[in-house]
Amino acid sequence: MPLSRAILHERLLAVIRAFGSRAAEHRQVARRLRALLPERLKSLHRAHRGAADSESSSARAERHTLIDPTWLAHVEEVVAMSHSATLARIEYETHMMLFEARRSLRRAGASPRKK
């Protein structure tokens, strides 16, 4: 949703809450997925090492693991979730800046001006 300066106050608060909770949720999921990556890598490495013939080296199995479509999908999943969390955080902060700017303007208009 693009930012509109004419957005109503109640709608602005709802959007801030929505983006804030989305950012937190996606950040938490991304953190958990990142924590799973080492175990997923080990699992795929074991599978490639076991599938290879007895003369294959561990380095060869590791190379095959790193180009495995399953591994690449795991990495893409983490990247996509991190990206989504970052976008939601940017939207949250942008809408918060509008909220704070409006609040500052209200305060400035409500206070008596001194000369």
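What follows is calculated from the coordinates using simple rules that are stated; it is not laboratory data. Remember, it's a predicted structure, so these values are computed and weren't measured experimentally. Don't worry about glycine lacking a Cβ; one is built from the backbone with ideal geometry, like all the others, and counts go over all protein chains shown.
Filter segment 5-28 down to residues that are in a helix (DSSP H, G or I) and crowded, with 16+ Cβ neighbours inside 10 Å, then give me how many there are. Steps first, please.
Kept after step one, since they are in a helix (DSSP H, G or I), are these residues of segment 5-28: 9-28.
Next, from what is left, pick out any that are crowded, with 16+ Cβ neighbours inside 10 Å: 12, 15-16, 19-20, 22-23, 26-27.
Here the count works out to 9.
Taken as a whole, the condition of being surrounded by fewer than 14 Cβ atoms within 10 Å (Cβ to Cβ), among the small types (Gly, Ala, Ser) and either without any contact (Cβ under 8 Å) to a residue 60 or more places away in the chain or not in a helix (DSSP H, G or I) (or both) does not apply to SER82. Looking across segment 4-23, the residues that are of a type in the set (A, V, I, L, M) and more than 20 Å from the chain's Cα centre (by Cα) come down to ALA6, ILE7, LEU8, LEU12, LEU13, ALA14. Every residue in segment 58-77 that is surrounded by 15 or more Cβ atoms within 10 Å (Cβ to Cβ) and not in a helix (DSSP H, G or I), please. Within segment 58-77, just ASP68 meets the criteria. Among the numbered conditions (1) under 21 Å from the mean Cα position of the chain (by Cα); (2) more than 30 Å from GLU91 (Cβ to Cβ), the only one that ALA47 does not meet is (1).
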